[in-house]
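Notes follow once the structure below has been shown.
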Amino acid sequence: MEKLSNSERFLNAFSAIEHEMERILDLKTHRRFFELVEKSARVNPVIDRFRFDLKEYGELRNAIVHDRAGNIVIAEPNDEAVIQIERIARLLLEPPRVAPLFLKDVLTLSVNHPVSRAIRDFGRMSYTQAPVLDDGEMIGLLTSNMIVKWMGLSLADNSFDIDSVTLLDVINTVGHEGNYEFVSVNKSLFDIPDLFYQWQNQGKKLEAVLITQNGEADEPLLGIITNRDLPQIHRELGKNSYAQDGSS
């Protein structure tokens, strides 16, 4: 098979990115590439991450396509540009997923467990949150802040007893917010930091992203992502984005 030139490889990757942006935006008519980048960046984290690079590549694409003398390409992209635009195309079409990186056994607690059980488990595993189940169905997320709040209230009314008070009692006493989200195993890893930032922008804290097969609350828990996993996610995304893999 004849080896493709850098310009052919570049244009193939560019076309794949352009078509995927049109699909994302569900466009039926042609739009300028710069416009596609701006609009897609608002809804797709991969395009958002590379929007400045893509605009530069849009200029290079114009030079390749428009500045031709006959069939001779007079603006041949270098290897680095080709490798990077092909990498962006791969990330856009096949982004890294939350699985298998964050698939793991999830610490769960029962509504019938005493508060002391939760405190021991949190301390032993250095966790600050865990799903609470009632007959296998999740009814909420217990956090260390909820336990501290319950302690304050129970000490005030002399009802403090960590061995007889159940987690259901705690939840009924302090209440709980829906401070978690479910995602499927196929969720793009690029979407996860955005979930945490969206909550933060609303003045709230997302305590956990819970992974199930299809992102449904009534499915078995397959993994969990918390704030302390964000550095690992950013390292993984950086590795996928800029690693010199030499495979292109």
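What are the ³J(HN,Hα) couplings of the range 14-22, residue after residue, when phi is run through the Karplus curve with 6.51, -1.76, 1.60 and θ = phi - 60°? Round to Hz, x for glycine and proline.
Karplus-based 3J(HN,Hα) across the range 14-22 equals 4, 5, 4, 5, 4, 5, 5, 5, 5 Hz.
Check which residues have an amide H placed less than 5 Å from ARG97's amide H, if you skip close sequence neighbours.
It is LEU189, by chain and number.
Say the dipole of the chain comes from +1 at the beta carbon of Lys and Arg and -1 at that of Asp and Glu; which of ILE147, HIS176, TYR127 then lies farthest toward its positive end?
Selected residue: TYR127.
Helix-only mean residue ellipticity at 222 nm, the chain, DSSP H runs n ≥ 4 weighted -39,500 (n - 2.57), per residue, nearest 500. What is it? Display every interim value, and only then the final one.
Working: 10 runs with 121 residues, N = 248.
Roughly -15000 deg cm²/dmol at 222 nm, from the helical runs in the chain.
If neighbour count is taken as other Cβ atoms inside 10 Å, put ARG120, ARG9 in order from fewest to most.
On the way: ARG120 13, ARG9 19.
In order of increasing Cβ crowding within 10 Å: ARG120, ARG9.
Ordered by residue, what ³J(HN,Hα) values in Hz, to whole numbers, does the range 141-152 give under the Karplus form 6.51 cos²θ - 1.76 cosθ + 1.60, where θ = phi - 60° and Gly and Pro are x?
So the J values, rounded to whole Hz, are 10, 7, 10, 4, 5, 5, 5, 4, 4, 4, 4, x.
So for the chain, taking the charge dipole from beta-carbon charges (+1 Lys/Arg, -1 Asp/Glu), which of ASN186, HIS30, GLN232 sits furthest toward the positive end?
HIS30
Using the Cα centre of the range 109-237 as the reference point, and only Cβ charges (+1 on K/R, -1 on D/E), how large is the resulting charge dipole? Debye, rounded to the nearest 20.
On the way: 9 positive and 18 negative charges, 117 e Å.
Dipole magnitude for the range 109-237 comes out near 560 debye.
Could you tally up the Lys pairs in the chain with alpha carbons closer than 25 Å? Skip any pair fewer than 8 positions apart unless they're on separate chains.
13
Starting from the Cα-Cα distance between GLU216 and VAL106, subtract it from 0.36 nm times their residue separation and give me the gain in nm to one decimal.
Length gained between GLU216 and VAL106: 38.0 nm.
What is the set of long-range amide H partners of SER110 at a cut-off below 5 Å, with H atoms built 1.01 Å from backbone N?
It is LEU133, by chain and number.
Compute the distance in nm between two label points, each set 7 Å from the Cα along the Cα-to-Cβ direction, one at ASP163 and one at ASN145.
3.1
Spelling out what I want: for every residue of the range 55-63, take phi, set θ = phi - 60°, compute 6.51 cos²θ - 1.76 cosθ + 1.60 (Karplus), and round to whole Hz; glycine and proline get x.
5, 5, 5, x, 5, 5, 4, 4, 5
Considering amide H positions built from the backbone, and no H for Pro or chain starts, which residues 5 or more places from LEU142, or on another chain, come under 5 Å of its amide H?
ALA130, VAL132
Per Stokes-Einstein, at 25 °C and 0.890 mPa s, what whole-number D in µm² s⁻¹ belongs to the chain, with the Kirkwood radius over Cα pairs as the hydrodynamic radius? Before the final figure, lay out each step's value.
Working: Rh = 21.4 Å.
D, rounded to a whole number, is 115 µm²/s.
Would you work out if the range 17-99 is rounded, prolate or oblate? Take a ≥ b ≥ c from the square roots of the eigenvalues of the alpha-carbon gyration tensor; rounded if a/c is under 1.5, else prolate when a/b is larger than b/c, oblate otherwise.
Here the range 17-99 falls in the oblate category.
Using Stokes-Einstein with the Kirkwood hydrodynamic radius over Cα pairs, what translational diffusion coefficient do you get for the range 131-243 at 25 °C and a viscosity of 0.890 mPa s, in µm²/s rounded to a whole number?
Calculated translational D: 153 µm²/s.
I need the shape label for the range 93-138. Rule: rounded when a/c is under 1.5, else prolate if a/b > b/c, else oblate, with a, b, c from the alpha carbon gyration tensor. Walk me through the numbers on the way to the answer.
On the way: a/c = 4.32, a/b = 1.95, b/c = 2.22.
Verdict is oblate for the range 93-138.
Would you please give the FRET efficiency between GLU8 and GLN232, computed as 1/(1 + (r/R0)^6) with r the Cβ-Cβ distance and R0 = 51 Å, to the nearest 0.05?
Numbers: r = 37 Å, r/R0 = 0.73.
With a Förster radius of 51 Å, E is 0.85.
When the dipole is taken about the Cα centre of the range 1-114, and only Lys, Arg (+1) and Asp, Glu (-1) are charged at their Cβ, what size is it in debye, to the nearest 20? Can you show the working numbers first?
Values: 17 positive and 19 negative charges, 77 e Å.
Using only the charged Cβ atoms, the result is roughly 360 debye.
Give me the distance in nm between label points sitting 7 Å out from Cα along the Cα-to-Cβ direction at ILE119 and TRP199, one decimal.
Between ILE119 and TRP199, the simple spin-label model gives 2.5 nm.
Dipole size in debye (nearest 20) for the chain around its Cα centre, Lys and Arg Cβ +1, Asp and Glu Cβ -1? Don't jump to the answer; show the numbers that get you there.
On the way: 27 positive and 38 negative charges, 118 e Å.
I would put it at about 560 debye.
Using a basic spin-label model with each label point 7 Å from the Cα along Cα→Cβ, how many nm lie between THR173 and LEU155?
1.2
Every number in this text was worked out from the coordinates using simple rules, so none of it is lab data. It should be emphasised that the depicted structure is a prediction, and the values quoted were computed from it without experimental measurement. Note that each Cβ is placed from the backbone with ideal geometry, even for glycine, and that neighbours are counted across all protein chains shown.
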